[in-house]
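The values are calculated or read from the model by the stated rules, or taken from the named source; none is laboratory data. Predicted model, so just to flag it, every value in this text is computed and none were measured. Cβ sites come from the backbone with ideal geometry, for glycine too, and all protein chains shown count toward neighbours. Quick note on the areas: whole protein, heavy atoms, side chains included, nothing else; ligands and nucleic acids left out. Shrake-Rupley method; radii C 1.70, N 1.55, O 1.52, S 1.80 Å.
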Amino acid sequence: MTEKPADSTPDLADLQHWTWVMGRAQQMMMEHGLSAMSETPSAFPTIPGFNDPATIQRAQDFWAQNLTMWQNFLTPGAANATAPEPPAQARDKRFKAPEWRENPVFDWIRRSYYMIADQMLQSVDALEGLDAKQKEQLRFATQGIVDAMSPSNFVLTNPQVLAKTIETRGENLLKGLQNMLADMGRGQMTHTDGGAFEIGRNLAMTPGKVIHRTPLYELIQYTPTTDTVLATPLVIFPPWINRFYILDLTPEKSFIRWCVDQGITVFMVSWKSADASHKDVIWDDYVAAQIDAVDVIRETLNVPAVHTIGYCVAGTTLAATLALLAARDEAEKVASATFFTAQVDFAQAGDLQHFVDDEQLKMIAAISPDGFLDGRYMAMTFNLLRGRDLIWNYVTNNYLLGQDYAPFDLLHWNGDTTNLPSKWHLSYLTDLYRDNLLVQPGALAVAGTPIDLTKVMTPAYVQAGREDHIAPAESVWKMMHIFQGPLRFVLAGSGHIAGVVNPPAQQKYQYWTNDAPAETLDAFVAGASETKGSWWPDWGEWLRARGDETVPAKGARQPGKGKRKAIEDAPGSYVRAR
């Protein structure tokens, strides 16, 4: 064999060989050490997490996997001869480019990342001496680290970024730096083209009027599009954590417009983004605002009752409102209640619980000196819940690849943050997420009246998202064992937003229904019927079953023509305030 000159630069085969030698040597030493520790317990006392049998086995598995990867790397085509990828890896959008599998170096990087990530998460799962909540918090944090260290997030380990950098001679990195510096100046990550959407121009366009305004909310009445409308009107309470127009995006996606076209008189509450004037606002004030809106609508239209919808935190609040009305013998004011991805029992409240401990609560108080919490904090929190999709995806595409932001109405709404009254926010996290008091009869009082959700007899439609990471379906399901009135549960495909904002015309996702009694969500799903498309028509039929009497869409059914005169056109001023 011909020897290379002494000053010859090593080629790829040399690098592969010597790297394998070093890796094999490290493996041999590790295996020897682990073997010695396992065979001579007197010399090496058992230390959990270091040399206990389970830890030793994980280490041995790690090195076995590592050696297999090296063999695949050094043998052309061997990687393709191994067992198929796990489904989760095959679906991973971070590594969808063909270079991640066709190039041996990047294939090895990708596989190494998965192997190390699995080892990190398995090590957390194997920890002893931690309670379930601590372990879940640690696993959540570890998953965040695992997502952050993905090779797709770095220039030198991402083949697409490297190719783009060579192609543009580094212009992509300069543009990405510009994007990153702009986000740092805003104090918030950008997800979509900021100039593509504007409230009133191509968002929140459903015609209507603001007919009532308080320091906490505006009440919008929408213009009917049918000759007759249901006698019982509908009022929607959106979460004040976000702007109401998630239910009035572009016209083809608008739940409000769809309801109006179904012959429903629709009212929407538009909450004011908190400022220093809200420093004393507490949960009681939001309950009072919901009751006020109901009474204003009843008076304006001269009707005995209204249908209601509560979305997320406003749905939780609607449950308290119903309990308070029941305690006051005023339950007849609400003809029905619909809950979009809302929770009342927070025992299984999902990943948001990881942000509720004494240190987090102290931090929230510290960053809210003026009595309100900057909405960018909540935006960051929700982004962290889906860090891979809402943080690192944009780091790669917009900071490293320097791509332009794509227009997306839902993500525009997602970044349109609102401030929260800090006193309310802290008590909500403490009383509900941490202490789970709402489901304990009499444990909470509103306006001095103890409330008990088990006294609520109002007919209710409970919707949950199968993939909801904010209000998990298992948590929403608990409502079915608390309220005492007639209940209908619907499980929608997708998550907290897309599972709700799913117009029939798009023919996306599906939903499940089951009219048979079910004690658990699993039992519900096991006997459920699947229907393709949107659940909105199912809800519309359910609402009409509560009363299908109609009246002409005249007089007070036209915004501003009743006892309440129009203040301004929809969507109002509060939704525009920053």
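For the stretch 117-188, the pair-distance distribution built from all alpha carbon pairs, in bins 10 Å wide starting at 0, is 17, 29, 25, 20, 8, 1 percent.
Using a cut-off of 18 Å between Cα atoms, the listed pairs Lys96/Lys508; Lys209/Lys279; Lys333/Lys565; Lys135/Lys478; Lys272/Lys423 include Lys96/Lys508; Lys209/Lys279; Lys333/Lys565; Lys135/Lys478 as exceeding that distance.
Over the chain, dividing the summed -39,500 (n - 2.57) contributions of all DSSP H runs of at least 4 residues by the number of residues returns a 222 nm mean residue ellipticity of -12000 deg cm²/dmol.
Compute the signed sum of charges (Lys and Arg +1, Asp and Glu -1) over the other residues within less than 9 Å, Cβ to Cβ, of Gln506. Taking every other residue near Gln506 into account, the sum is +1. Our estimate of slack between Asn202 and Met149, defined as 0.36 nm per intervening residue step minus the Cα-Cα distance, is 15.2 nm.
If you find the alpha carbon centre of the stretch 508-540 and of the stretch 376-426, how far apart are they in angstrom? Cα centroid to Cα centroid, the span is 31 Å. In the chain, taking the dipole from charged Cβ atoms about the Cα centre, the farthest positive-side position among Gly485, Met380, Ala365 is held by Gly485.
Using equal-weight Cα scatterers in the Debye expression, the normalised intensity of the stretch 419-578 in log10 at q = 0.14, 0.19, 0.20 Å⁻¹ is -1.05, -1.24, -1.24.
Sorting the segments 147-153, 447-453 by their mean number of nearby beta carbons within 10 angstrom, highest to lowest, gives 147-153, 447-453. In this structure the chain gives 46 Å² per residue of accessible area when probed at 1.4 Å with all protein chains present. By the scheme Lys and Arg +1, Asp and Glu -1, what is the net charge of all other residues having a beta-carbon under 12 Å from that of Ile220? Residues near Ile220 contribute -1 overall.
What value does the stretch 279-342 have for Rg/Rh, both radii from Cα atoms and Rh as Kirkwood defines it?
With Rg and the Kirkwood Rh in hand, the quotient comes to 0.97.
Put a dot 7 Å past the Cα of Thr214, heading toward its Cβ, do the same for Trp542, and the two dots end up 2.7 nm apart. The magnitude of the dipole of the stretch 307-373, with charges of +1 and -1 set on the Cβ of Lys/Arg and Asp/Glu and taken from the Cα centre, is near 200 debye.
Maximal additional length on extending the Glu102-Thr225 stretch stands at 38.6 nm, based on 0.36 nm per residue less the C-alpha distance.
Just how large is the dipole of the chain about the Cα centre, in debye to the nearest 20, putting +1 at every Lys and Arg Cβ and -1 at every Asp and Glu Cβ?
Dipole magnitude for the chain comes out near 1560 debye.
Scanning the chain for long hydrophobic helices, with DSSP H runs required to stretch 18 angstrom or more by C-alpha along their axis and to average at least -1.0 on the Kyte-Doolittle scale, returns 12-39, 53-74, 104-125, 132-148, 171-186, 283-301, 313-327. Each Lys or Arg adds one and each Asp or Glu subtracts one; over the other residues with Cβ under 15 Å from the Cβ of Glu99, this totals +3.
Per residue, the average separation of C-alpha pairs within less than 8 Å and at least 6 apart gives the chain a relative contact order of 17 percent. One equal scatterer on each Cα of the stretch 479-542, no solvent, Debye formula: the resulting log10 I(q)/I(0) at q = 0.21 Å⁻¹ is -0.90. How much of the DSSP beta bridge set in the stretch 440-563 is antiparallel, as a percent to the nearest 5? Counting DSSP beta bridges with both partners in the stretch 440-563, the antiparallel share is about 55 percent.
For the pair Ala347 and Arg576, the difference between a 0.36 nm per residue extended length and the Cα-Cα distance amounts to 78.9 nm. If you model the stretch 332-401 as an ellipsoid using its alpha carbon gyration tensor, with each semi-axis the square root of five times an eigenvalue, the axes come out at 29, 21, 14 Å, biggest first. Peptide packing: for 315-327, 89-101, 499-511, the average count of neighbouring Cβ atoms within 10 Å per residue gives the ranking 315-327, 499-511, 89-101, highest mean first. Amide H to amide H under 5 Å from Asp569: which residues, 5+ apart in sequence or cross-chain, H placed 1.01 Å off N in plane? Placed amide hydrogens put Val210 under 5 Å from Asp569.
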